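Okay, handing you the structure first.
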Number of protein chains: 2
Amino acid sequence: MTEAPETTPSRRALIGWGGAGLALGAVAAGGAVAMARTGDDVVPAAAGTGAAIPFHGERQAGIATPVQDRLHFAAFDVKTDDRAEFVQLLKDWTAAARRMTAGQSVGEGAYGGLAEAPPDDTGEALGLKPSRLTLTFGFGPSLFEKYGEAFGIADARPEALAELPKFAGDNLDKNRSGGDLCVQACADDPQVAVHAIRNLARIGMGKVVIRWSQLGFGKTSSTTPEEQTPRNLMGFKDGTRNIAGTETDRLEKFVWVGEKDGPAWMAGGSYLVARRIRMHIETWDRTSLQEQEDIFGRDKGEGAPVGKAKERDEPFLKAMLPDAHVRLAHPDSNDGATILRRGYSFTDGTDGLGRLDAGLFFLAYQRDPRTGFIRIQRNLALDALNEYIQHVGSALFAVPPGVRDKDDWWGRTLFGKEA
Amino acid sequence: MTEAPETTPSRRALIGWGGAGLALGAVAAGGAVAMARTGDDVVPAAAGTGAAIPFHGERQAGIATPVQDRLHFAAFDVKTDDRAEFVQLLKDWTAAARRMTAGQSVGEGAYGGLAEAPPDDTGEALGLKPSRLTLTFGFGPSLFEKYGEAFGIADARPEALAELPKFAGDNLDKNRSGGDLCVQACADDPQVAVHAIRNLARIGMGKVVIRWSQLGFGKTSSTTPEEQTPRNLMGFKDGTRNIAGTETDRLEKFVWVGEKDGPAWMAGGSYLVARRIRMHIETWDRTSLQEQEDIFGRDKGEGAPVGKAKERDEPFLKAMLPDAHVRLAHPDSNDGATILRRGYSFTDGTDGLGRLDAGLFFLAYQRDPRTGFIRIQRNLALDALNEYIQHVGSALFAVPPGVRDKDDWWGRTLFGKEA
C-alpha cells in the first residue's frame, strides 16, 4: 500500500495544525481541478485503503468510486418547514462532509474548541485515516410531498422520483423504508463511516431525525473488475458483470442523468434504489449445491455461467432454467436495462426464532429507475431465488450532481435560487 | 504487511487441493508444538491481518491474542438433553473451528461435496484470508441449571459461574442476555467472523439455537501497547492500561484460572463477562468538553490522566473527581481488581426515536468474576458516566482451556470422561 502523504493526512495530524486550513485548501483545490476533468476517477482502485477520495467534482463520489469495504447508510426525515433553516443545514452538512472525507474533524475538532462548549466533533475517528470515506447525498420522494410547497420545490420534482411500485413478494417494514433525505457513507474503516453519519445527525439535531440506518459489513459488488468479485451471504460471487467505475460509456448511458433527461437540477446526478433484502439463510444452507447453482445460473466455486468455464465468460441464457436469477436479471431479458450495483452484506443480530437477521442491503444507481431497477425487479417476480429471500425495506432517492468547489453545497442546483 | 506463505493460505487455494489435508496437518502440528511452549503468543502483534492464528494451544486463542478489528459474538441455547449428541456437537464444532481458523472451508467446502447434498460450507468466505480468525468457546451458568443432571455435570459447576448479581442501573433485555454456550469470533475481516458463527449455527441445527448475537465493528481495547489505543464511541481512548497479551505475570494473576482455583476442568481457562452497554450518544454529544473530560478523568485528545501530560503517565486518582470513571475503575479503588478488556463498538441501526442504537459491547476476561468484573462494577454504581450509558445485555461464561491437538475438542476437560 503506497500513499502520497499529502493526500492521506491522519486525522490526528490535522488537529492542532495552525496551518491546517491552508494545507487542506491546497489539497482541495488540486482535487477540484482534477475532478473537473475526470469525475471520480482521479482515485485509482489501487489507491491505499487509507487514502482520501476527493469530495469535489462534477459527480458525487460514492457512485462510480471503487467500492469501499464498509457501509453506514442513513435515511433522515426533515423536521423543519423553514426553507432558510433547511438550506443552512445543507450547507453545514456539506462543510462537515468536505472535512470528514479529507480525514479532518468537523470544525475545530474534539478538543480544539472551548472547554465550556460541546466539542465540534464526537472524536471517535481521531487518529484514523480518511479510509476512502465518501458521503453521497440524496432527496427522497417524501421531501417533495411533505415540503414541496413550503420549500418552493414542488414543481421541481422529477418524474423519475415517483414512489416505487409494490413488487410481488414485497414485505416492507415502513420503519426500514422511505426517508426525506439519505446519506450513504462508505469507507474502508467502519468507524470512519459510523462517525460520519453520527456527526451529520448531530449537526442536524432539531432539523432532521434519522428515520432508519443500516450498517453493511462487507461489499457484495465491485466496480473494479481487476479485483476479486466479492461473494454475497449465499456464497455466490455477486456483481461479475457490474458497471466498472472506468466504463465512461456505460456510466453515461445507464447511471448519470443526462442534460436532456430533466429536470435540469438533476443533470450529472443519479437515482439510488435501496432495498433491504433478508435472506433465509438457514433454509438456503439446507439446499443442495445443484439446486443452488440452478437457481443462480452460475456455479458456486468459479462463478461461471451454466455451461461455461470461467466467471467472465459470456452467459448463454437459454442454457439456464427459465427462472434462474442471472437469466431473469440479465439485460437481454430486460430490454437492455442495466444498473450499477453497490450493495453490502448485513447481519443485524438474531430474530426471535434463533435465525440470523442477515442478507443483502442492495444499493443500485441508475439514470432512471423506471428503465432500471423497476424494469428488472418486475421481471424478477418469477425469480427462483424468491423462495429464499424477501425484500423488507425499500427507498428511492434523487442523488444530485457533485459539489463543484468550496463554495458549492449539497442540493444547490435545487435550492440555489431564491424560492 | 509481511506474511509467511505457509501460514496464510487463501481459502480459495485450499479448496481443491488434493493434498490440503496433508499440508494443513503439517501447519497444525508445527503450531501445536509452538503453542505448548508459549500459549497464544506465537503470533506476534505485527503479524499481517490476513494471517492465521494457531487454533491449538494450552489456552484458547482470542483472549490474550492481539485484538482483531471485528467481532461476531453469539450466545446459543442447547436444545438436546442427549449427552452423546451434545458431545458429538462439541467435537463437530471443534473440527469446523480448526479448519476455519486455518482459513479452510468446513468439510469439503462449498463445492467439493456431492451436488445432490447441501454444501459443507456456506461459501461466502471462499477466497478470503484466515484474517486472524479466533473462535473462543464457553459454557454459561444456565447450561448447568438446565442440563446439569442430564449431562452428568451438575457437580462440576464452578462456584465462580454463579449468575451475575443485579447492578445499580441495569436495564437488561433478556433477549440479549444469558446463553447456555457462547462463541466469540474475532477477525480482521468481518465476513470471516460472520461466516464462522453462521457455519457453527448451521452445524448445530436441531441441537442448539442462537439466543442472541452481536456484531462489533471496531475494537475499543487493545492488548498490544505498541499499537495506537482505540477510541470508543464517546471519543475517548479506551484500554490504555489494559493487560497486554505479552504480560505473562499479569495474565497468570488476573486472567487464567489456576490449578488450585478449581474445578480442575477450568485450569488454564478464564471467565468471560459480556455486557451490551448502550450509550446515549446524542446526550453525550451535547455535553461540554470540560464535563466529558471530568467524567472520564482523562483529557480527550491525548488521553492523559487529569493533571498529567501523556496517555501512559501514572494516574493520580485524587486529582480526579470522586465519581470520575477512571478513578472508580482503577485497581487502587478496587482492592487491585484487574480484568482484560476486549470490547467492541457497535451500531445496530436506529431506535424508534431517531437515535442510533450504539454503544460498547464490553467483553472482559478474568480469573474469577467475583474478584474481577463484579468487584469493579459494584464500585461503578457511583460512576458519573452512568448518566450517559445503560447496561442492556449481560452474560457470563466459563471459557475452558485450549484445544491441545487434533484429537482434542472444546469442553473435553468437562465432558471427556463417561458420565
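Only residues that are in contact with an Asp or Glu (Cβ under 9 Å, 6 or more places away or on another chain) and over 30 Å from B:Q290 (Cβ atoms): list them for the stretch B:375-408, please.
B:R375, B:G393, B:S394, B:L396, B:P401, B:G402, B:R404
What do you reckon, is A:E163 more than 12 Å from chain B (Cβ to nearest Cβ), surrounded by fewer than 17 Cβ atoms within 10 Å (Cβ to Cβ) and within 30 Å of A:R83 (Cβ to Cβ)? Don't jump to the end; show me each part of the working.
Numbers: more than 12 Å from chain B (Cβ to nearest Cβ): yes; surrounded by fewer than 17 Cβ atoms within 10 Å (Cβ to Cβ): yes; within 30 Å of A:R83 (Cβ to Cβ): yes.
Yes, satisfied.
In addition: Name every residue in the stretch A:75-102 that is in a loop (DSSP other than H, G, I, E, B) and either aliphatic (A, V, I, L, M) or modelled with pLDDT under 95 (or both), in order of residue number.
Going through the stretch A:75-102, the residues in a loop (DSSP other than H, G, I, E, B) turn out to be A:79-82, A:102.
Residue satisfying the conditions is A:A102 alone.
Answer yes or no: is there a residue in the stretch A:240-261 that is closer than 21 Å to B:D121 by Cα and among the hydrophobic types (A, V, I, L, M, F, W, C).
From the stretch A:240-261, those closer than 21 Å to B:D121 by Cα are none; that's our starting set.
No.
Can you name the number of the only condition in (1) farther than 19 Å from A:N242 by Cα; (2) within 13 Å of chain B (Cβ to nearest Cβ); (3) of a type outside the set (S, T, Y) that A:F361 fails?
Of the numbered conditions (1) farther than 19 Å from A:N242 by Cα; (2) within 13 Å of chain B (Cβ to nearest Cβ); (3) of a type outside the set (S, T, Y), the odd one out for A:F361 is (1).
Looking at (1) away from chain B (no Cβ under 14 Å); (2) at pLDDT below 95; (3) more than 24 Å from A:A274 (Cβ to Cβ), can you tell me which one A:D40 breaks?
Condition (3) is where A:D40 drops out.
So B:R176 fits all but one of (1) under 30 Å from B:E387 (Cβ atoms); (2) surrounded by fewer than 17 Cβ atoms within 10 Å (Cβ to Cβ); what number is the exception?
All conditions pass for B:R176, except number (2).
Contact list please: Cβ distance under 6 Å, first residue in the stretch A:61-87 and more than 9 Å from chain B (Cβ to nearest Cβ) and within 30 Å of A:T246 (Cβ to Cβ), second residue modelled with pLDDT under 95 and part of a loop (DSSP other than H, G, I, E, B), pairs at least six apart or on different chains.
From the stretch A:61-87, the pairs are A:A64/A:G245; A:P66/A:A45; A:P66/A:T223; A:P66/A:T224; A:P66/A:G245; A:V67/A:S222; A:V67/A:T223.
Which condition number in (1) within 14 Å of chain B (Cβ to nearest Cβ); (2) touching a Gly at 6+ places or on another chain (Cβ under 8 Å) is the one that A:Y271 fails?
All conditions pass for A:Y271, except number (1).
Here are the criteria: (1) of a type outside the set (A, V, I, L, M, F, W, C); (2) at pLDDT below 95; (3) surrounded by 23 or more Cβ atoms within 10 Å (Cβ to Cβ). Tell me which single one B:R198 does not satisfy.
(2)
I would also like to ask the following. Given the criterion in contact with a strand residue (DSSP E or B) (Cβ under 6 Å, 6 or more places away or on another chain), away from chain B (no Cβ under 14 Å) and either more than 20 Å from A:P401 (Cα to Cα) or modelled with pLDDT of 95 or more (or both), identify the matching residue among A:F139, A:F144. Lay out the reasoning, then the answer.
Working: A:F144 fails: in contact with a strand residue (DSSP E or B) (Cβ under 6 Å, 6 or more places away or on another chain).
The match here is A:F139.
Name every residue in the stretch B:100-123 that is buried (at least 24 other Cβ atoms within 10 Å of the Cβ), of a type outside the set (A, V, I, L, M) and either under 18 Å from B:F73 (Cα atoms) or free of Cβ contacts under 8 Å to residues at least 40 places away in the same chain (or both), in order of residue number.
B:T101, B:P119, B:G123
If you don't mind, another one. Take the residues in the stretch A:352-403 that are small (G, A, S) and closer than 24 Å to A:D332 by Cβ, then tell me which one is nearest to the chain's Cα centre (by Cα).
Our first condition is that a residue be small (G, A, S); within the stretch A:352-403, this holds for A:352, A:354, A:358-359, A:364, A:372, A:381, A:384, A:393-395, A:398, A:402.
In the following step, the residues that additionally are closer than 24 Å to A:D332 by Cβ were identified as A:364, A:372, A:381, A:384.
Numbers: A:A364: 8, A:G372: 16, A:A381: 25, A:A384: 27 Å.
Step by step, filter the stretch A:352-403, then rank; the result is A:A364.
Exactly one condition in (1) free of Cβ contacts under 8 Å to residues at least 12 places away in the same chain; (2) under 24 Å from the mean Cα position of the chain (by Cα) is not met by A:K406; state its number.
So the condition that A:K406 fails would be (1).
Can I ask one more? Looking only at the stretch A:206-240, how many residues end up being closer than 24 Å to B:L71 by Cβ and of a type in the set (G, A, S)?
Within the stretch A:206-240, residues that are closer than 24 Å to B:L71 by Cβ and of a type in the set (G, A, S) number 4.
Now for a separate question. Out of A:A201, A:A196, report the one residue that is among the small types (G, A, S), touching a strand residue (DSSP E or B) at 6+ places or on another chain (Cβ under 9 Å) and facing another protein chain (nearest Cβ under 9 Å).
On the way: A:A196 fails: facing another protein chain (nearest Cβ under 9 Å).
Being among the small types (G, A, S), touching a strand residue (DSSP E or B) at 6+ places or on another chain (Cβ under 9 Å) and facing another protein chain (nearest Cβ under 9 Å) holds for just one of A:A201, A:A196, which is A:A201.
Among residues belonging to the stretch A:178-193 that are under 16 Å from the mean Cα position of the chain (by Cα) and part of a helix (DSSP H, G or I), point out the one that is nearest to the other protein chains (Cβ to nearest Cβ).
Residues of the stretch A:178-193 under 16 Å from the mean Cα position of the chain (by Cα): A:178-190, A:192-193.
Still in the list and also part of a helix (DSSP H, G or I): A:190, A:192-193.
Values: A:P190: 4, A:V192: 9, A:A193: 9 Å.
The selected residue is A:P190.
Do the conditions hold for A:R355, that is, is it touching a strand residue (DSSP E or B) at 6+ places or on another chain (Cβ under 9 Å), basic (K, R), surrounded by fewer than 22 Cβ atoms within 10 Å (Cβ to Cβ) and within 14 Å of chain B (Cβ to nearest Cβ)?
Numbers: touching a strand residue (DSSP E or B) at 6+ places or on another chain (Cβ under 9 Å): yes; basic (K, R): yes; surrounded by fewer than 22 Cβ atoms within 10 Å (Cβ to Cβ): yes; within 14 Å of chain B (Cβ to nearest Cβ): yes.
Criteria met by A:R355.
Kindly indicate which of A:R211, A:R202 is in contact with a Phe, Trp or Tyr (Cβ under 8 Å, 6 or more places away or on another chain) and under 30 Å from A:V106 (Cβ atoms). Give the derivation first.
Numbers: A:R202 fails: in contact with a Phe, Trp or Tyr (Cβ under 8 Å, 6 or more places away or on another chain).
Going through A:R211, A:R202 in turn, the sole match is A:R211.
For every residue, the table says whether it meets (1) more than 14 Å from every other protein chain (Cβ to nearest Cβ); (2) touching a residue at least 60 places away in the same chain (Cβ under 8 Å); (3) surrounded by fewer than 21 Cβ atoms within 10 Å (Cβ to Cβ).
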site: B:K237; (1), (2), (3): no, yes, no
site: B:K253; (1), (2), (3): yes, yes, yes
site: B:D261; (1), (2), (3): yes, yes, yes
site: B:A309; (1), (2), (3): yes, no, yes
site: B:I339; (1), (2), (3): yes, yes, no
site: B:S345; (1), (2), (3): no, yes, no
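Give all pairs with beta carbons closer than 7 Å in which a residue from the stretch B:149-160 that is touching a residue at least 12 places away in the same chain (Cβ under 8 Å) meets a residue that is surrounded by fewer than 14 Cβ atoms within 10 Å (Cβ to Cβ); count only pairs at least 6 apart in sequence or on separate chains.
Note: pairs meeting the criteria are B:A150/B:D81; B:F151/B:A419; B:G152/B:A419.
How do the pairs read when you match residues in the stretch A:277-303 that are in contact (Cβ under 8 Å) with a residue 60 or more places away in the chain with residues anywhere that are assigned to a helix (DSSP H, G or I) and of a type in the set (S, T, N, Q), using Cβ under 9 Å and keeping only pairs 6 or more apart or on different chains?
A:W284/A:Q292; A:K300/A:Q292
Sticking with this one: Of (1) aliphatic (A, V, I, L, M); (2) assigned to a strand (DSSP E or B); (3) more than 29 Å from A:D189 (Cβ to Cβ), B:L380 satisfies all except one. Which?
Among (1) aliphatic (A, V, I, L, M); (2) assigned to a strand (DSSP E or B); (3) more than 29 Å from A:D189 (Cβ to Cβ), B:L380 violates only (2).
Looking at A:N171 and the list (1) of a type outside the set (D, E); (2) under 21 Å from B:I281 (Cα atoms); (3) surrounded by fewer than 22 Cβ atoms within 10 Å (Cβ to Cβ); (4) away from every other protein chain (no Cβ under 14 Å), which single condition is not satisfied?
Condition (2) is where A:N171 drops out.
Assess whether B:G349 counts as being part of a loop (DSSP other than H, G, I, E, B) and more than 22 Å from the chain's Cα centre (by Cα). Quick ask: steps written out before the conclusion?
Working: part of a loop (DSSP other than H, G, I, E, B): no; more than 22 Å from the chain's Cα centre (by Cα): yes.
Spelling it out, it is not the case that B:G349 is part of a loop (DSSP other than H, G, I, E, B) and more than 22 Å from the chain's Cα centre (by Cα).
The values are calculated or read from the model by the stated rules, or taken from the named source; none is laboratory data. Predicted, not measured: the structure shown is a model, and the values here were computed from it. Note: ideal-geometry Cβ built from the backbone for every residue, glycine included; neighbour counts use all protein chains shown.
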